[in-house]
4 protein chains.
Amino acid sequence: MIDVIDVDTKQKLKNFVERIERLDEEKRNIADDTKDVMSEAKSFGFDLPTIRKIIRLRKMDSQKAMEEEELLDLYKQALDMA
Amino acid sequence: MIDVIDVDTKQKLKNFVERIERLDEEKRNIADDTKDVMSEAKSFGFDLPTIRKIIRLRKMDSQKAMEEEELLDLYKQALDMA
Amino acid sequence: MIDVIDVDTKQKLKNFVERIERLDEEKRNIADDTKDVMSEAKSFGFDLPTIRKIIRLRKMDSQKAMEEEELLDLYKQALDMA
Amino acid sequence: MIDVIDVDTKQKLKNFVERIERLDEEKRNIADDTKDVMSEAKSFGFDLPTIRKIIRLRKMDSQKAMEEEELLDLYKQALDMA
DNA sequence: GATGCGCTTTAAATGC
DNA sequence: GCATTTAAAGCGCATC
């Protein structure tokens, strides 16, 4: 069991924790900004789920996108959903 | 079903998508910064899982404090039944 | 401010809370079962994301599924992803 | 790319999908039960948002208790640096 | 392979 | 009562 903790070490640990918390805060702010943009898009009549899909697709390799599609078709076929 | 989009609307959609992608990019950068700080902490000999846990606990603490405050008021309402 | 709370009312409240917590527990157990089945499917070589998509599609009205598809195509077109 | 699925594999896939759908159904039933209990509580004059909050807080409490226990051990590790 | 984290989606609550 | 805003649950991803 540790009885005494080095003051310096404690301070270092505290600093790291606070730096990370600050970064987390920034991330949350950006997430809020994203929400605002989404709302704005919605108010223009755009469909949010579709916009999300588009962003996902753009980020993705087109090769991979095709393979995903094909696999889905294959499974549909197997379940007579074709 | 709508099947054509005018040029102006196309541009608007493009803008929204790009703004969101930019924000996502920023978020990723911050996540990378967090990783850097984590690595630095690790190089000082700190245990990463522990640091994460501390941060989670601190977040819970502040949330809990806020909620408990409200809860008191709510209790009055809930138990002061007709 | 309420100083005293009717013992009977307290008990009733407690009972409701506990019944709900019990139900939550059951739900969690079933969610765990689902995970097990998923893992088993995976170990047979099935692709989990695709299985999820299939289930979503089966649950969904086929009319609605088509509309979703069309909207996505429309947005793709607008962003020259066609 | 695979483009055919043998009969046996089809059947396996179908079974997995149906098992998962069955589990989803059960979960939905329990969620309905929860709603019933909530309604009943409400008819006794209890405030639903408050009940939710109580449950959330209780869950946080038990989580927090567990985590804090572990954290003590972890701290030793983190601060007992080489 | 498992755990934690963040996003998506759906349900509820409140205000108009 | 409807629609907007907010909270809870579920899902998927990334990390270790």
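The numbers here are math on the coordinates, done by the rules we state, and not lab data. Nothing here was measured: the structure is a model prediction, and the numbers come from that model. Quick reminder, even Gly has a Cβ in these numbers, built from the backbone with ideal geometry, and neighbours come from all protein chains shown.
Observations, loosely collected:
- Distances from A:Asn29 to itself in the other copies, using label points 7 Å out along the Cα-Cβ axis, amount to 1.3, 4.7, 5.1 nm in increasing order.
- What you get for the protein assembly as shown, charging only the Cβ of Lys and Arg (+1) and of Asp and Glu (-1), is a dipole of about 80 debye around the Cα centre.
- Summing charges over all other residues whose Cβ lies under 14 Å from the Cβ of C:Ala65, with Lys and Arg as +1 and Asp and Glu as -1, gives 0.
- Magnitude of the charge dipole for chain B, about its Cα centre and with charges confined to Cβ atoms of Lys, Arg (+1) and Asp, Glu (-1), is about 340 debye.
- Lysine pair count for chain C with Cα-Cα distance under 17 Å and sequence separation of 8 or more or different chains is 4.
- Chain C: C-alpha gyration tensor shape, a/c 1.5 cut-off, then a/b vs b/c: oblate
- Among D:Lys35, D:Lys27, D:Lys12: highest mean-square fluctuation, GNM of chain D, C-alpha pairs under 10 Å: D:Lys12
- Spacing of the two label points (7 Å from each Cα toward its C-beta) at B:Leu72 and D:Asn29, in nm: 4.4 nm
- Across the identical copies, how the A:Lys14 labels are spaced - nm, sorted shortest first, 7 Å along Cα→Cβ: 4.2, 5.3, 6.7
- The D:Lys64 and D:Val7 beta-carbon pair, evaluated with R₀ = 45 Å, returns a calculated FRET efficiency of approximately 0.30.
- Inter-chain Cβ neighbour count for D:61-71, averaged per residue, equals 2 (cutoff 10 Å, partner chain atoms only).
- Each of D:Ser39, D:Ile5, D:Ile55 was placed along the dipole of chain D (beta-carbon charges, centred on the mean Cα), and the one lying farthest toward the positive end is D:Ser39.
- 7 Å along Cα→Cβ, label-point gaps from D:Phe44 to other copies, nm, shortest first: 4.5, 5.2, 5.2
- Overall, the anisotropy analysis places region D:17-58 in the oblate class: the square-rooted eigenvalues a ≥ b ≥ c of its C-alpha gyration tensor yield a/c not less than 1.5, with a/b not exceeding b/c.
- Per-residue shielding of C:26-35, expressed as the average number of other chain Cβ atoms within 10 Å of the residue Cβ, stands at 5.
- Between region C:1-50 and region A:1-80, the alpha-carbon centres lie 26 Å apart.
- Surrounding net charge for A:Asp36, when Lys and Arg each add one and Asp and Glu each subtract one, Cβ distance under 12 Å: 0
- Gyration tensor (alpha-carbon) shape descriptor, region A:42-82, a/c threshold 1.5: oblate
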